[in-house]
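I have placed the structure first, in the form of structure tokens, so that the comments after it can refer back to it.
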Amino acid sequence: MVEFVVRSARHEEGDFVTEVFRLLTLEMEQYGGREATMNESSWGRVTIDIRNELKSDKSKFLIAETADSNRIGLAAIAIVNLRGAFTPKTIIHLRFVYVQPSFRGVGVGSKLIFAALEWGRRVGGDYCDLNVLAENPARSLYKKFGFSEVTVNMIKAL
Ligand SMILES: CC(C)(COP(=O)(O)OP(=O)(O)OC[C@H]1O[C@@H](n2cnc3c(N)ncnc32)[C@H](O)[C@@H]1OP(=O)(O)O)[C@@H](O)C(=O)NCCC(=O)NCCS
């Protein structure tokens, strides 16, 4: 049994969030995700964006951390306001959830998703949505939380 808490990421944790985002992007390639860039300056720009998002009240990063300060998981969430052609709604977009491979299967991802949904309710979200690759086994985890499939994203090589 792993003891851990879920806490908000601190402003200065941009490098950690970028590192996790990079691991996630690489791992998603196996499920048909877009190829991750190997260009360091691109990742530098991603870090700058993430540092800004860490200070924004429209974004939230939740970290699962063990008592010995090992950051074993991360969830990224953002508030998206639907307007224009749509009835105004506040959508909580679950951007990603990632758990260190050696800590998977013991409830860390579930606790992060639970905390993300809690945060979404607290900030007045009407819905939570997410994108997941068709081949990703994480789909079953999302379904356990009550997510259902609404859109299908199609792609074709040119
Ligand atoms: C998806 C992920 C966050 C789940 O984290 P976790 O801590 O293992 O999740 P939990 O222990 O709370 O729940 C495990 C459930 O996840 C699902 N699952 C996700 N990926 C799985 C995999 N590769 N193999 C088997 N089950 C998987 C199963 O439904 C499993 O349920 P079960 O234990 O009842 O079989 C983790 O596998 C991960 O980081 N994957 C890589 C990143 C990713 O795919 N993120 C989601 C898309 S953004």
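Miscellaneous remarks
- Distance between the modelled labels on Glu12 and Ser69, one decimal in nanometres: 1.0 nm (7 Å Cα→Cβ projection).
- For the chain, adding -39500 (n - 2.57) for each run of n ≥ 4 DSSP H residues and dividing by the number of residues yields -10500 deg cm²/dmol at 222 nm.
- Cα-based shape type of segment 95-158, given that a ≥ b ≥ c are square roots of the gyration tensor eigenvalues and the cut on a/c is 1.5: oblate
- Placing unit charges on the Cβ atoms only, positive for Lys and Arg and negative for Asp and Glu, gives the chain a dipole magnitude near 540 debye about its Cα centre.
- Long hydrophobic helices in the chain, taken as whole DSSP H segments with a C-alpha length of 20 Å or more on their own axis and mean Kyte-Doolittle hydropathy at least 0.5: 14-28.
- Of all DSSP-defined beta bridges confined to the chain, some 85% are antiparallel rather than parallel.
- Projected onto their three principal axes, the Cα atoms of the chain cover extents of 48, 41, 32 Å, largest first.
- Across segment 140-146, coupling constants 3J(HN,Hα) worked out from phi with the 6.51/-1.76/1.60 Karplus curve, θ = phi - 60°, read 5, 5, 4, 5, 4, 7, x Hz, and Gly and Pro carry x.
- Cross-link table Lys60/Lys156; Lys55/Lys143; Lys60/Lys89, entries beyond 29 Å C-alpha to C-alpha: Lys60/Lys156; Lys55/Lys143
None of the figures in this text is laboratory data; all of them are computed from the coordinates on show. Not measured: the values here are computed from a predicted model. Cβ atoms come from the backbone with ideal geometry, glycine included; neighbour counts cover every protein chain shown.
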